[in-house]
Ligand SMILES: O=C(O)CCC(=O)C(=O)O
Ligand SMILES: [Fe+2]
């Protein structure tokens, strides 16, 4: 596994092939990141996630929320959610990330991990509702956590640490050829909030 030295070259592609991942590092100072973390905990309509896995309904400890510029329906793990309207903080963060990355987004999936023991299993974000190959921006607040990519075919792994107030961009064919996960850890970590800004393909009608 390549554990990248976290040198801050945001133009460097962390993937060796079949996709593009850029790590921008911390895009704001600690005080601002803590401010956003607290505001997000307070203002977001956090709900336990429900998913149907092997035909069984499960409820995760991790909490989720789904926001966007329209009440987009978003289906994953066989459940559909409708986006709530942007909050002030989400709109500010969206504009900040759009400026940093030169990409645009119309929705955001939020995840709240209460401890290091909560994580997210291997998956790719290539649901049919999402615009194919569009950039996904991942913004993290709170505990620093390891994040891992695995090539679907070669099983090659690439890992990095997502810091408090940091931005990661996944784009191009990344979701087609690579899985990613947030491993859980027994290390006693504080909570973490992750925001993935996405583009829902708007229906032509
Ligand atoms: O929490 C993270 O860093 C990853 C979240 C993620 O992969 C997702 O929401 O699809
Ligand atoms: Fe993901």
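Rule-based calculations on the coordinates, nothing more; no lab input. The model shown is predicted, which means the values in this text are computed figures rather than measured ones. All Cβ positions, glycine included, derive from the backbone under ideal geometry; neighbour counts span all protein chains shown.
Relative contact order of the stretch 2-198: 29 percent, from C-alpha pairs under 8 Å at least 6 residues apart in sequence.
With the chain treated as a Gaussian network of Cα nodes joined by springs under 10 Å, which of 139, 120, 170 yields the largest mean-square fluctuation? Looking only at 139, 120, 170, the biggest GNM fluctuation is shown by 120.
Rounded, prolate or oblate: which one fits the stretch 1-153, using the alpha carbon gyration tensor with axes a ≥ b ≥ c (rounded when a/c is under 1.5, else prolate when a/b beats b/c, else oblate)? Taking the square roots of the gyration eigenvalues as a ≥ b ≥ c, the stretch 1-153 is rounded. Over the stretch 115-168, what is the relative contact order in whole percent, taking alpha-carbon pairs under 8 Å and six or more residues apart? Rounded, it is 34 percent for the stretch 115-168.
The stretch 33-109 and the stretch 173-204 have Cα centres lying 11 Å from one another. For the peptides 146-158, 172-184, the ranking by mean Cβ contacts within 10 Å, running from highest to lowest, is 172-184, 146-158. In this rough spin-label picture, where each label sits 7 Å from Cα along the Cβ direction, the residue 59-residue 133 distance is 4.2 nm. Each residue, residue 79 and residue 161, gets one label point 7 Å from its Cα in the Cβ direction; the gap between the two is 3.2 nm. Stretched out straight at 0.36 nm per residue, the stretch from residue 187 to residue 123 would grow longer than its current Cα-Cα span by 20.7 nm. Dividing the summed helix terms, -39500 (n - 2.57) for each DSSP H run of n ≥ 4, by the number of residues in the chain produces a 222 nm estimate of -4500 deg cm²/dmol to the nearest 500. Computed from label points 7 Å out along Cα-Cβ, the spacing between residue 201 and residue 17 is 2.7 nm.
Packing around the peptides 84-96, 43-55, taken as the average count of other Cβ atoms within 10 Å per residue, puts them in this order, highest first: 84-96, 43-55.
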